[in-house]
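The values are calculated or read from the model by the stated rules, or taken from the named source; none is laboratory data. Everything numeric in this text was worked out from a predicted model, so none of it was measured. Here Cβ is always computed from backbone atoms with ideal geometry, including for glycine, and neighbour counts include all displayed protein chains.
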Amino acid sequence: MTKQILQVGFLGAGKSTHRYQGPFIAKLTDKFHIKTIWARNLSHVKWDQIPGAVYTENIDDVLQDPDIDLVVISLPVLHYEYTKKTLLAGKNVVCEKPFTESRVQAEELFDLAKEKGLLCMCIQNRRFDSDFLTAQAVIESGRLGDIYEVEMHYDYYRKDVVDAGKFDPFGSFLYQHACHTLDQAISYFGIPHDYHAEVKQLLGSGRMNDYFDIDLYYDAPLKVNVSSSYMRIKSRPKITVYGSKSH
């Protein structure tokens with residue numbers, strides 16, 4: 001990847017492509033050009049098309065195009081399968097979350113990318129959220145003293161989603177949303193020494209899991225708590241930091 005402007009392809013043409021990933025990539029015109037976007041059925045695309053991009057129902061228009069350097073996998077499911085297919089086609093990959101269903105799958109993909117001299121990673125754009133960056137700045141300013149507890153929340157009230165959803169460990173609130181906040185915590189505080197996790201189905205057996213509470217334990221006294229629910233009408237603060245100094 002030595003070219004000045006990288007040619008980008010997308011697998012998937014839904015909200016993630018048109019609202020979360022595409023617009024940010026398209027702004028970096030000195031670095032990227034979105035060339036081709038694949039959808040299983042173009043008639044189902046409900047978003048305004050990205051200017052300059054070619055939309056196609058033929059996946060080989062992305063995977064077999066020698067000009068495309070990077071493929072963004074922006075599908076809601078089958079991330080492992082499509083990431084592997086894309087790496088085998090010789091393309092660098094950025095994949096939507098959740099990256100895979102297991103550590104074994106993730107390690108297989110990273111090993112495959114290394115074998116082929118490619119880059120493979122999961123999208124983690126929440127590392128750039130303003131509240132998370134502000135919390136880091138406050139911690140690093142020293143105004144709070146020694147940090148002993150951090151609470152991180154990602155709350156919703158979406159009972160209709162819970163009512164419609166059946167239990168699926170890989171399509172759950174834990175896999176779909178906790179990954180954002182856990183990535184923030186681990187990217188800043190590092191890998192914890194230990195953890196405790198509680199996952200619930202608040203509306204009963206057979207429903208999607210709609211609640212998680214995860215404690216990450218670091219060198220004493222620091223503990224980071226990541227907890228959220230689909231059933232909170234009033235959201236808690238996104239990030240609360242407790243330190244040895246009071247202001």
Notebook entry, point to check: When only residues in the range 109-125 that are within 20 Å of the chain's Cα centre (by Cα) and in a helix (DSSP H, G or I) count, which is surrounded by the most Cβ atoms within 10 Å (Cβ to Cβ)?
Noted result: LEU109
Next item on the list: Among the residues of the range 179-220, write down those that are over 18 Å from CYS122 (Cβ atoms) and of a type in the set (Phe, Trp, Tyr).
Entry: PHE189, TYR195, TYR211, PHE212, TYR217, TYR218
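Do you know which residues across the range 6-26 are within 20 Å of the chain's Cα centre (by Cα) and farther than 16 Å from VAL77 by Cα? Walk me through how you get there before you give the answer.
Of the residues in the range 6-26, the ones within 20 Å of the chain's Cα centre (by Cα) are 8-26.
Of everything in the range 6-26, those that are within 20 Å of the chain's Cα centre (by Cα) and farther than 16 Å from VAL77 by Cα turn out to be VAL8, GLY9, HIS18, ARG19, TYR20, GLN21, GLY22, PRO23, PHE24, ILE25, ALA26.
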Item checked: Pairs with Cβ under 7 Å, 6+ apart, first in the range 69-87 and in the same structural domain as ALA39 (by TED's automatic domain parsing) and without any contact (Cβ under 8 Å) to a residue 40 or more places away in the chain, second assigned to a loop (DSSP other than H, G, I, E, B) and acidic (Asp, Glu) -> HIS79/GLU96; TYR80/GLU101
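Would you check if SER141 is polar (S, T, N, Q) and within 23 Å of the chain's Cα centre (by Cα)?
Details: polar (S, T, N, Q): yes; within 23 Å of the chain's Cα centre (by Cα): no.
Here the answer is no, as SER141 does not meet what is asked.
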Checklist line | Residue tally, condition more than 26 Å from SER172 (Cβ to Cβ) and in contact (Cβ under 8 Å) with a residue 24 or more places away in the chain, over the range 88-123 | finding: 10
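On the basis of being surrounded by fewer than 16 Cβ atoms within 10 Å (Cβ to Cβ) and farther than 26 Å from LYS84 by Cβ, does ALA135 make the cut? Explain how you work it out, then say what you get.
Values: surrounded by fewer than 16 Cβ atoms within 10 Å (Cβ to Cβ): no; farther than 26 Å from LYS84 by Cβ: yes.
So ALA135 does not fit the description; no.
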Notebook entry, point to check: Restricting attention to the range 146-191, which residues are assigned to a loop (DSSP other than H, G, I, E, B) and out of contact with any helix residue (DSSP H, G or I) (no Cβ under 6 Å at 6 or more places or on another chain)?
Noted result: ASP146, ASP155, TYR156, ARG158, GLY165, PHE167, ASP168, SER172, GLY190, ILE191
